[in-house]
Amino acid sequence: MNKFPDFTLIVTEFPHHGELSRCLLPHCPCKSTSPQNADVIDIEPNTAISAQDVEVETLVYRCAWDTQHSPCEMFIEGTHSQILSHLRQRHGVVHNANEELRCRWSSCSTDGPLKMGSFARHITRHLGIQFRCSRCELVMARHDIVRAHIRKIIGCADAAVELVPGSGARRIVSA
């Protein structure tokens, strides 16, 4: 019987790259290598599946959704779909686009309720996620604003939108 849940992974803080060592889990059959400063963290099962794709770097952030003075602390991906999925599955937040909801992120200072349709975008602000124009390096909080900038500015027409991870991001290095 596996004594570790399916969603336990070894990660390291982004963007540090350290020396490699064997898996940190005692008696683990995975034989994976991980940076020496790696930690074992809990993530969503669907994130564990996507993290196995070695072609794509998977970044996760600590959830600080606070219910009854007890922040969640599970690690989640910073995509809108993954944020909404986590809020629905772990915190019972149903997302009807016109519904209003108060943010329960432990550090949130927003006074009023937010429309559920913009809630994931609000959470990405808490995670510190930003986006950058690859040509002029303009950094904005929203992907669509950088995309509009690229379409509008002639010198940036061949640019790409790059992700700028928040300071709390962690990179999954072993599944």
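Here are a few things to note about the model shown:
- Note that region 109-117 has calculated 3J(HN,Hα) couplings of 10, 5, 6, x, x, 10, 5, 4, x Hz, one per residue in order, obtained from phi through the Karplus relation 6.51 cos²θ - 1.76 cosθ + 1.60 (θ = phi - 60°); glycine and proline are x.
- Kirkwood hydrodynamic radius over Cα pairs of region 83-175, then Stokes diffusion coefficient at 10 °C and 1.306 mPa s, in µm²/s: 105
- Residues in region 72-81 carry Karplus couplings, in order, of 4, 6, 6, 8, 10, 6, x, 7, 4, 5 Hz; the curve used is 6.51 cos²θ - 1.76 cosθ + 1.60 with θ = phi - 60°, and Gly or Pro positions show x.
- Region 49-122 and region 130-175: distance between their alpha carbon centers, rounded to Å: 21
- Evaluated over region 57-125, the Cα radius of gyration and Dmax, each in Å: 11.4, 35
- Couplings 3J(HN,Hα) of region 137-145, computed from phi: 6, 4, 10, 9, 6, 10, 4, 5, 6 Hz, in residue order, whole Hz [Karplus 6.51 cos²θ - 1.76 cosθ + 1.60, θ = phi - 60°; x for Gly and Pro].
- Binning all Cα-Cα separations of region 42-89 at 10 Å, short to long from zero, yields these whole-percent fractions: 25, 55, 16, 3.
- Taking amide H as placed 1.01 Å from N in the peptide plane, the amide H of Q130 sits under 5 Å from that of V164, G166, each at least 5 places away or on another chain.
- Under 5 Å from the amide H of D42 lie the amide H atoms of F75, each residue being 5 or more positions distant or on a separate chain, with H modelled from the backbone and absent for Pro and chain starts.
- Cα-Cα separations in region 125-175 greater than 13 Å, expressed as whole percent: 56
- The ellipsoid equivalent to the alpha-carbon distribution of region 77-117 has semi-axes of 16, 13, 9 angstrom, derived from the gyration tensor eigenvalues as √(5λ) and listed largest first.
Throughout, read-outs are computed from the coordinates displayed, never taken from laboratory work. As the structure is a prediction and not an experimental result, all values here were calculated from the model.
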